[in-house]
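Encoded as structure tokens, the structure appears first; notes follow it.
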Amino acid sequence: MRVLVTGGGGFLGGAIVRKLHERGDRVRVLGRRKYPSLPEGVESMQADLRDREAVFKACEGRDAVFHAAAVPGIWGDRREFFGVNVEGTRNVIDACLRASVKKLVFTSSPSVVYDNRDMENVDESVPYPRSYLCDYPRTKAIAERMVVEANGKDGLRAVSLRPHLIWGPGDPHLIPRILERAGKGQLVRVGDGRNKVDLIYIDNAALAHVRACDFLEPGSPLEGKCYFVSDGQPVVLWDWIGRLLQKMGIPPVRRCVSYRTAYAMGALMETVYKAFKLPGEPRMTRFLASQLATSHYFDIARARRDFHYEPEVGPEEGMERLIRYLLRARPGD
């Protein structure tokens, strides 16, 4: 199969590329930078998703497209979020239609349905909320709807996956942020510490994408659908963080604030950062406070049924792999 992976040099995109390459698919990568670590034989194209002609060229001759590129994060330039996550996705869809690509697998996020309250074992029937606290879920929700609406046009079959909190060796976002803040004594527990969340180990996330693509055949139940995917075993968030810190020899989190206080602090910091156009991002935002204090885990029965998704790496094995990687990568070791 001839495939294109947008964001193929990133954490998830790179894992998808490796899995496809290992099984013999002809892989092309589209990204904003050069990625020297790509496997030998993988074709690389350098361009921004907002460059329509470059995206069109990248999709030419492809049987399937994995659209994993996005601007992530809880803070940043609104134009960047909309430009890449919305306009970039529109360019990918248009390019698939123009190049007669048959399959489009889109990486979405459970945050597109997160309404800042506990979400416990919810399935894909949960609706989009009326409003969002930051631009990442807002723009990903717009993009996801576009992908769903594109299904069936000119023979294109499209599916959206919602992996939650991807983690594992090489993670450039979640794990480094936790370790950095905890190491500086800046990590504060929000809420009562009993909230459960879903995670998905990087190998499981890549597997889910590849399996969804393989099952995305004419008449399959995947067409135009959205799927939650995870490790299938929600964790108590602050216990999981505590275990990670213990294994890395970092003192445990001792300070805590109520959800209400953290939310108010986040609102204040957002106002100050916007008013004074401060660089960087606030240490607390309303969205971050909500994510740290509430439960958000999901029913993956639909993924198990429709494309036989089953996590290959369990939480215990994943943690051991992560710790080995972090200890090897730690300066001075």
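The values are calculated or read from the model by the stated rules, or taken from the named source; none is laboratory data. As the structure is a prediction and not an experimental result, all values here were calculated from the model. Here Cβ is always computed from backbone atoms with ideal geometry, including for glycine, and neighbour counts include all displayed protein chains.
Yes or no: A205 modelled with pLDDT of 95 or more, out of contact with any Lys or Arg (no Cβ under 8 Å at 6 or more places or on another chain) and over 28 Å from L322 (Cβ atoms)? Working first, answer last.
Values: modelled with pLDDT of 95 or more: yes; out of contact with any Lys or Arg (no Cβ under 8 Å at 6 or more places or on another chain): yes; over 28 Å from L322 (Cβ atoms): no.
No: the conditions fail for A205.
Which of the helices (runs of 4 or more DSSP H) contained wholly in the stretch 198-310 include at least 3 residues that are aromatic (F, W, Y)? Write out each step before concluding.
Values: elements: 202-215, 237-247, 259-276, 286-293, 301-307.
Counting at least 3 such residues, we get 259-276.
Using beta carbons and a limit of 6 Å, which pairs, at least six apart or on different chains, have the first residue in the stretch 303-320 and surrounded by 12 or more Cβ atoms within 10 Å (Cβ to Cβ) and the second one of a type in the set (D, E, K, R) and part of a helix (DSSP H, G or I)?
These pairs meet every condition: F307/R211; Y309/R211; V313/D203.
I'm checking my understanding of the structure. Among residues of the stretch 51-86 that are of a type in the set (D, E) and under 25 Å from G280 (Cβ atoms), which one is farthest from the chain's Cα centre (by Cα)? Steps first, please.
Going through the stretch 51-86, the residues of a type in the set (D, E) turn out to be 51, 53, 60, 63, 77, 80.
Then keep just the ones that are under 25 Å from G280 (Cβ atoms); that gives 77, 80.
Details: D77: 19, E80: 17 Å.
That would be D77.
What are the pairs, 6+ residues apart or on separate chains, where a residue within the stretch 234-261 that is free of Cβ contacts under 8 Å to residues at least 12 places away in the same chain has its Cβ under 7 Å from a residue that is of a type outside the set (A, V, I, L, M, F, W, C) and buried (at least 17 other Cβ atoms within 10 Å of the Cβ)?
Final answer for the pair search is P252/G242.
Out of all the residues in the stretch 105-118, is one or more of a type in the set (S, T, Y), more than 15 Å from the chain's Cα centre (by Cα) and not in a helix (DSSP H, G or I)?
Filtering the stretch 105-118 for residues of a type in the set (S, T, Y) gives 107-109, 111, 114.
From the residues that got through so far, the ones that are more than 15 Å from the chain's Cα centre (by Cα) too are none.
Within the stretch 105-118, none of the residues are of a type in the set (S, T, Y), more than 15 Å from the chain's Cα centre (by Cα) and not in a helix (DSSP H, G or I).
Mind checking which residues of the stretch 171-205 are surrounded by 14 or more Cβ atoms within 10 Å (Cβ to Cβ), of a type outside the set (V, I, T) and closer than 18 Å to G13 by Cβ?
Within the stretch 171-205, D171, H173, L174, Y201, D203, N204, A205 qualify.
For (1) free of Cβ contacts under 8 Å to residues at least 24 places away in the same chain; (2) polar (S, T, N, Q); (3) more than 30 Å from V236 (Cβ to Cβ), each residue gets a yes or a no:
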{"site": "K102", "(1), (2), (3)": "no, no, yes"}
{"site": "S109", "(1), (2), (3)": "no, yes, no"}
{"site": "D115", "(1), (2), (3)": "yes, no, no"}
{"site": "D123", "(1), (2), (3)": "no, no, no"}
{"site": "S131", "(1), (2), (3)": "yes, yes, no"}
{"site": "D135", "(1), (2), (3)": "no, no, no"}
{"site": "V147", "(1), (2), (3)": "no, no, yes"}
{"site": "K153", "(1), (2), (3)": "no, no, yes"}
{"site": "V159", "(1), (2), (3)": "no, no, yes"}
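Is there a residue being over 30 Å from Q233 (Cα atoms) and in contact with a Pro (Cβ under 7 Å, 6 or more places away or on another chain) anywhere in the stretch 275-296? Spell out how you get there, then give the answer.
In the first step, residues of the stretch 275-296 are kept if they are over 30 Å from Q233 (Cα atoms); the result is 275-282.
So of that shortlist, the ones also in contact with a Pro (Cβ under 7 Å, 6 or more places away or on another chain) come out as none.
The answer is no, given that none of the residues of the stretch 275-296 is over 30 Å from Q233 (Cα atoms) and in contact with a Pro (Cβ under 7 Å, 6 or more places away or on another chain).
Residues are listed down the side, and each one gets a yes or a no for (1) hydroxyl-bearing (S, T, Y); (2) surrounded by 23 or more Cβ atoms within 10 Å (Cβ to Cβ); (3) on the phi > 0 side of the Ramachandran plot:
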residue: T107; (1), (2), (3): yes, yes, no
residue: N116; (1), (2), (3): no, no, yes
residue: V122; (1), (2), (3): no, no, no
residue: D135; (1), (2), (3): no, no, no
residue: K140; (1), (2), (3): no, yes, no
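With the condition kept exactly as written, say whether any residue in the stretch 164-181 is out of contact with any Lys or Arg (no Cβ under 7 Å at 6 or more places or on another chain), under 30 Å from E217 (Cα atoms), of a type in the set (A, V, I, L, M, F, W, C) and not in a loop (DSSP other than H, G, I, E, B).
Checking the stretch 164-181: at least one residue is out of contact with any Lys or Arg (no Cβ under 7 Å at 6 or more places or on another chain), under 30 Å from E217 (Cα atoms), of a type in the set (A, V, I, L, M, F, W, C) and not in a loop (DSSP other than H, G, I, E, B).
For residues that are in contact with a strand residue (DSSP E or B) (Cβ under 8 Å, 6 or more places away or on another chain) and either closer than 13 Å to L187 by Cα or buried (at least 19 other Cβ atoms within 10 Å of the Cβ) (or both), tally how many sit in the stretch 241-270.
Of the residues in the stretch 241-270, 6 are in contact with a strand residue (DSSP E or B) (Cβ under 8 Å, 6 or more places away or on another chain) and either closer than 13 Å to L187 by Cα or buried (at least 19 other Cβ atoms within 10 Å of the Cβ) (or both).
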